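The values are calculated or read from the model by the stated rules, or taken from the named source; none is laboratory data. As the structure is a computational prediction, the values presented were derived from the model and not from experiment. All Cβ positions, even for glycine, are placed from backbone atoms using ideal geometry, and neighbour counts span all protein chains on display. Surface accessibility is based on the protein's heavy atoms, side chains included, excluding ligands, DNA and RNA. Shrake-Rupley method; radii C 1.70, N 1.55, O 1.52, S 1.80 Å.
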Number of protein chains: 2
Amino acid sequence: MSALSIGRLGERAGVNIETIRYYERIGLLPEPARSLAGYRLYAEDHLRRLRFIRRGRDLGFSIEAIRTLLRLAEHPDQPCADADRLAAEHLADVERKIEELTRLSEELGKMTRCCADSVAQCRIIDALGATEYE
Amino acid sequence: MSALSIGRLGERAGVNIETIRYYERIGLLPEPARSLAGYRLYAEDHLRRLRFIRRGRDLGFSIEAIRTLLRLAEHPDQPCADADRLAAEHLADVERKIEELTRLSEELGKMTRCCADSVAQCRIIDALGATEYE
DNA sequence: TCTTGATCCCGTAGTCGCTACGGTGTTCAT
DNA sequence: ATGAACACCGTAGCGACTACGGGATCAAGA
């Protein structure tokens, strides 16, 4: 009972309306029923699915990964090795990215708090101009 | 002397040819001279500028930030407060992102190494299905 | 009942920073 | 002279949305 409009659905799942329609277009969220006037009418199932998607996105999974995870979630009797592999790969990605950004912030840290008077002595401009390839 | 073809320029700056033409299109790299046949002929100045751009991108600066930094670099007599602010803001962005990813990797770490037999008991699928908004 | 403002519809285009494609012309070494 | 390698150009694609424009519909108050 009590079908949700797209606006209410978005509110309750924490997802933008345009994004919901986008998920429908790419086949991530199934097409809902429609009112006589053509308005989308969502059921509780859609809400659960959309929350699953949002949570996956929050955790940084790609749309395609989420598509796979949703397929898995629909088959509770099957082994979950695939889900585990997906998550492990994603975790490795995230850890690589953290390392990368950490190196970056160290370099940026060295550059900033430049106390020079003019661009001519500026550490930042200097660092960018540094030649290291030849 | 010794003008560079786009391929040689790309090699020496560590930048893809298509990317160089893209930078030209968006006005980041000035249009070079052309040979009779219409081939681009780059001078040393282009190489310096392109390396500046690449280094900026490596450090994660946006194209627009680099555009500003380039403008600054062209006026060595001016104060470098703007460059300092840009770099500091970027550093803050990077640090925020690191924090975010660290939280993420912790959550993912809890999820992975799931030893369940089936999706029904899978921690990963479970975590995604968890309701927290209402 | 009328009106007003919020909500919804749809299709399309824009965002960022490239990267790829396709078809043609040029250069260079053998 | 031939063939590989390189260059030209314009356009479209990527991922994951987000925004826009112009119209239809709904709910609530006067």
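Numerical summary
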item: Listed residues B:SER5, A:SER118 arranged by accessible area, highest first, probe 1.4 Å; result: B:SER5, A:SER118
item: Protein accessible area in the range A:6-129, 1.4 Å probe - carbon and sulfur %; result: 49 percent
item: Heavy-atom surface of chain B, accessible at 1.4 Å and reported per residue (Å²); result: 58 Å²
item: Calculated P(r) tail over 16 Å for the range B:1-60, as whole % of Cα pairs; result: 36 percent
item: Solvent-free Debye scattering, log10 I(q)/I(0), computed from the Cα coordinates of chain A at q = 0.13, 0.14, 0.15, 0.17 Å⁻¹; result: -0.72, -0.77, -0.81, -0.93
item: The protein assembly as shown - Debye-derived log10 I(q)/I(0), Cα point model, q = 0.16 Å⁻¹; result: -1.09
item: Reduction of at least 30 Å² in accessible surface, 1.4 Å probe, comparing all protein chains with the chain by itself, residues of the range B:93-108; result: B:VAL94, B:ILE98, B:LEU101, B:LEU104, B:SER105, B:GLU107, B:LEU108
item: Förster radius 30 Å - calculated FRET efficiency between B:ASP77 and B:ARG21 (Cβ-Cβ, nearest 0.05); result: 0.35
item: Projected label distance in nm at A:ASP117 and B:SER118, using a 7 Å step from Cα toward the beta-carbon; result: 7.8 nm
item: Label-to-label distance, nm, for residues given as A:ARG85 and B:GLU95 (7 Å Cα→Cβ offset); result: 4.1 nm
item: Net charge of neighbours whose Cβ lies under 10 Å from the Cβ of B:GLU24, counting Lys and Arg as +1 and Asp and Glu as -1; result: +2
item: Value at 222 nm in deg cm²/dmol, rounded to 500, when DSSP H runs of n ≥ 4 in the protein assembly as shown each add -39,500 (n - 2.57); result: -19500 deg cm²/dmol
item: For the axis carrying chain B to chain A: nearest C-beta residue of B, whole Å; result: B:ILE98, 3
